[in-house]
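Visitor: Below you'll find the structure I mean.
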Amino acid sequence: MSRRVPRSRAPLALVLGATLTIPLALTAPAAAVGPYTVTALKFTVQAGGRTCTVDADLYRPAGVDRAHRAPAVLATNGFGGSKSDGSTDAIGKAFAQRGYVSLIYSGLGFGRSGCLISLDDPTIDGVAASRLIDFLGGGRAADDGTKADFVTLDAPGDPRVGMAGGSYGGAIQLATAAIDQRVDALVPMITWNDLVHSLDPNNAAGSTGVPGAFKWQWANGFYLIGEGQPLLAPNLDPSRINSLACLHFVTKACDTIRTLNSGRYPAKQTAELLAYARSVSPVSYLNRVKAPTLLVQGQADSLFNLNEATATYKTLKAQGTPTKMIWQSWGHSGGLTDPATGELNLGQGNLETSYVGRRILAWFDRYLRKQNVDTGPAFAYYRDWITDPGGTYATADRVPEPSRTLYLSGDGKLVDNRRKVARGSRTYTNWLVPTSHSESSLAGAIGIPDPAPYDTKGTYLGWTSEPLARTTDVVGAPRATLKVVSPKAERTQHSGDAADKLVLFAKLYDVAPDGSQTLVHRLVAPVRVPDVTRSFTVTLPGIVHRYEKGHRLRFVIAASDDAYFGNRGIKPVTVAGTPEDTGVLRLPVID
């Protein structure tokens, strides 16, 4: 039995996202806060070999009927949420108030929807979402017989539909568009490109097939949320139970997390499980995504950093999919519950007055309402050093590439000319316990204090520049090319278990004149070195950061980080520098 509740100007209870605010040549849509009704619906779908119940709410604007149709927005929750949590519910309210039919649902394995958690697998989660598009197109009814005969159609059974949402509710958009070409527009926020890189990152170029450093805090946090479903949602649908060994995830997901937690990576088993994680990631199916996509990624995000969105952006652009990208201020690691002033905040209802909100509205106006509106620049990024909320975003026609080269001198200096490199070598070693701290991964997401980043003497090496003669803005992903010497790692790296390869963590600090240092957004680049006898290039996480005049840059490689699994055994590392052969750091500097 459905519930129908008339609502008008209902409060938007949660922050969905952060956004940008710069004067834009966009026609700001008129604020639309019309009344709407909400109908609770159930759908029975076949997905992944199981019969699943999908729990949904249909938001229907007043005046929308068969004679006065409207395009639709489809959205689902982030990991561990449901259709009723503030961020998901806010999407339904926000777009219904602006005249869109909204269908908001609990993803498989969450809320009161059935079936197992399958990590936004296109063949499971994507299929379930496609069945909801069938409903929006009038091709099927909800379980109670309700039909949606009031959605704009491009052809019989083909509704005009866009998708919006963040994190787990972001990847599902790409998964759905890959298997259902009826999707007309996507706005994935703070989501992933490749779960292998997200949860077991190896930032060394050419490291395909070599596991990275397991991001154990983030991964196990989500795993416990999934396996703890009976505590979060009593009286689970039987289709949400797998087995005693793996309660609520598909079996391969549990096998993958257990292998990563074991700290041992035998080649065949590890390759199979990482191939599974990659197969359910956008990186494996983006070639089938043709729907215009507006990517919104967070600068404060150690779970899915800016490089994830950049990889998706470049792939979609290269294949001709209409794509634009915004780097907002907040992500999983900060700002989720308290966005910076002027950033998108559905709790404040500021779609029309925030930069990201206006960009999202323009995107849907263009591709769902077919209006000839400007959707904004190819690339935009938030700048936290701008105090005027109306000018925090800068724009560009592409993502900046490294343009300035610094050299790692043998005496620990970071110099701007190879001739300034001093001959010398220095050594660090790891301990059997972590000796560096970047973050407590869940602290930023849930708003609890986190100790400042630190490195323990003797377990890291740093290279520091002279005080900067002028302000320097770094926008993009720095890259470093390194050569290290580690006889212990050289002896063990071909053991057949990737866990015996050398692990290190690269990062970039901002050092103030008083000596205090800042690790920008607490981001690090874990590396499991493919072969310590050869030089390797590390791609650091993308950042947007201003180094003020008089500050210094410090590049660090550390032996460990307590948010990740590190080296097995003690592996001393030496780094040498000579003018003829030394490491380099390349920065994407905006002049």
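Visitor: Out of the residues in segment 300-346 that are aliphatic (A, V, I, L, M) and within 20 Å of D85 (Cα to Cα), state the one that is surrounded by the fewest Cβ atoms within 10 Å (Cβ to Cβ).
Guide: Here is the first cut: in segment 300-346, the residues aliphatic (A, V, I, L, M) are 300, 303, 306, 309, 311, 316, 318, 325-326, 336, 340, 344, 346.
Next, only the ones that are within 20 Å of D85 (Cα to Cα) stay: 336, 344, 346.
Working: L336: 26, L344: 29, L346: 23.
Result: L346.
Visitor: Look through D384, D450, D374 and report the one residue that is surrounded by fewer than 14 Cβ atoms within 10 Å (Cβ to Cβ) and farther than 23 Å from D89 by Cβ.
Guide: Going through D384, D450, D374 in turn, the sole match is D374.
Visitor: Tell me which residues, restricted to segment 224-274, are buried (at least 19 other Cβ atoms within 10 Å of the Cβ), of a type in the set (S, T, Y) and assigned to a helix (DSSP H, G or I).
Guide: Those that are buried (at least 19 other Cβ atoms within 10 Å of the Cβ), of a type in the set (S, T, Y) and assigned to a helix (DSSP H, G or I): T256, T259, T270.
Visitor: Considering only residues of segment 161-183 that are surrounded by fewer than 24 Cβ atoms within 10 Å (Cβ to Cβ) and not aliphatic (A, V, I, L, M), which is nearest to D301 (Cα to Cα)?
Guide: Y168
Visitor: Same structure, new question: Does segment 296-328 hold any residues that are hydrophobic (A, V, I, L, M, F, W, C) and either more than 18 Å from Y355 (Cβ to Cβ) or over 12 Å from the mean Cα position of the chain (by Cα) (or both), and which are they? Even if it seems obvious, please write down each step before you answer.
Guide: Let us first name the residues in segment 296-328 that are hydrophobic (A, V, I, L, M, F, W, C), namely 296, 300, 303-304, 306, 309, 311, 316, 318, 325-327.
Selection gives L303, F304, A311, L316, A318, M325, I326.
Visitor: Residue check, G458 against (1) over 29 Å from the mean Cα position of the chain (by Cα); (2) touching a residue at least 40 places away in the same chain (Cβ under 8 Å); (3) surrounded by fewer than 15 Cβ atoms within 10 Å (Cβ to Cβ); (4) not in a helix (DSSP H, G or I), all met but one. Which one?
Guide: (2)
Visitor: Does segment 50-61 contain at least one residue that is out of contact with any Cys (no Cβ under 7 Å at 6 or more places or on another chain) and modelled with pLDDT under 95?
Guide: No, segment 50-61 has no match at all.
Visitor: For segment 282-294, how many residues are in a loop (DSSP other than H, G, I, E, B) and touching a Ser or Thr at 6+ places or on another chain (Cβ under 8 Å)?
Guide: Going through segment 282-294 one residue at a time, the tally reaches 4.
Visitor: If you don't mind, there's one more thing I want to ask. Can you say whether T337 is at pLDDT 95 or above, of a type in the set (V, I, T) and out of contact with any helix residue (DSSP H, G or I) (no Cβ under 7 Å at 6 or more places or on another chain), as far as the supplied structure shows?
Guide: Taking the combined requirement at face value, the residue does not satisfy it.
Visitor: Can you go through A90, A94, A75 and tell me which one is over 17 Å from R369 (Cα atoms), under 24 Å from the mean Cα position of the chain (by Cα), of a type in the set (A, V, I, L, M) and modelled with pLDDT under 95?
Guide: Just a single option satisfies the conditions, and that option is A90.
Visitor: Out of all the residues in segment 423-440, is one or more loosely packed, with under 15 Cβ neighbours inside 10 Å and of a type in the set (D, E, K, R)?
Guide: yes
Visitor: Another question about this same structure. Would you confirm, using the coordinates I've provided, whether R470 is part of a helix (DSSP H, G or I), farther than 19 Å from P541 by Cα, in contact (Cβ under 8 Å) with a residue 60 or more places away in the chain and of a type outside the set (V, I, T)?
Guide: On the way: part of a helix (DSSP H, G or I): no; farther than 19 Å from P541 by Cα: yes; in contact (Cβ under 8 Å) with a residue 60 or more places away in the chain: yes; of a type outside the set (V, I, T): yes.
In short, no.
Visitor: Here's another thing I want to ask about it. Of the residues L432, L442, which is out of contact with any Lys or Arg (no Cβ under 7 Å at 6 or more places or on another chain), within 30 Å of P339 (Cα to Cα) and touching a residue at least 60 places away in the same chain (Cβ under 8 Å)?
Guide: Of the residues listed, the single one that is out of contact with any Lys or Arg (no Cβ under 7 Å at 6 or more places or on another chain), within 30 Å of P339 (Cα to Cα) and touching a residue at least 60 places away in the same chain (Cβ under 8 Å) is L442.
Visitor: Could you please let me know if L344 is of a type outside the set (G, A, S), touching a Phe, Trp or Tyr at 6+ places or on another chain (Cβ under 7 Å), in contact (Cβ under 8 Å) with a residue 24 or more places away in the chain and under 16 Å from I190 (Cα atoms)?
Guide: Here the answer is no, as L344 does not meet what is asked.
Visitor: If a residue has to be under 16 Å from F150 (Cα atoms) and not in a helix (DSSP H, G or I) to count, how many in segment 92-114 make the cut?
Guide: 6
Visitor: Let me ask you something else. Yes or no: T537 surrounded by fewer than 22 Cβ atoms within 10 Å (Cβ to Cβ), within 21 Å of W330 (Cα to Cα) and in contact with a strand residue (DSSP E or B) (Cβ under 9 Å, 6 or more places away or on another chain)?
Guide: Working: surrounded by fewer than 22 Cβ atoms within 10 Å (Cβ to Cβ): yes; within 21 Å of W330 (Cα to Cα): no; in contact with a strand residue (DSSP E or B) (Cβ under 9 Å, 6 or more places away or on another chain): yes.
So T537 does not fit the description; no.
Visitor: Which condition number in (1) in contact with a Gly (Cβ under 7 Å, 6 or more places away or on another chain); (2) farther than 30 Å from A499 by Cβ is the one that A177 fails?
Guide: (1)
Visitor: Restricted to segment 115-139, and to residues that are without any contact (Cβ under 8 Å) to a residue 24 or more places away in the chain and assigned to a loop (DSSP other than H, G, I, E, B), which residue is surrounded by the fewest Cβ atoms within 10 Å (Cβ to Cβ)? Don't jump to the end; show me each part of the working.
Guide: Of the residues in segment 115-139, the ones without any contact (Cβ under 8 Å) to a residue 24 or more places away in the chain are 134, 138-139.
Subsequent filtering for residues that are assigned to a loop (DSSP other than H, G, I, E, B) retains 138-139.
Values: G138: 18, G139: 15.
So the residue we want is G139.
The rows are residues; the columns are (1) under 23 Å from L336 (Cβ atoms); (2) in contact with an Asp or Glu (Cβ under 7 Å, 6 or more places away or on another chain).
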residue: T51; (1), (2): no, no
residue: Y59; (1), (2): no, no
residue: A75; (1), (2): yes, no
residue: K83; (1), (2): yes, yes
residue: S87; (1), (2): yes, no
residue: G92; (1), (2): yes, yes
residue: R98; (1), (2): no, no
residue: S102; (1), (2): yes, no
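The values are calculated or read from the model by the stated rules, or taken from the named source; none is laboratory data. The shown structure was predicted, so the numbers you read here are calculated from the model rather than taken from an experiment. Using ideal geometry, Cβ is built from the backbone for each residue, glycine included, and neighbour counts are taken over all protein chains shown.
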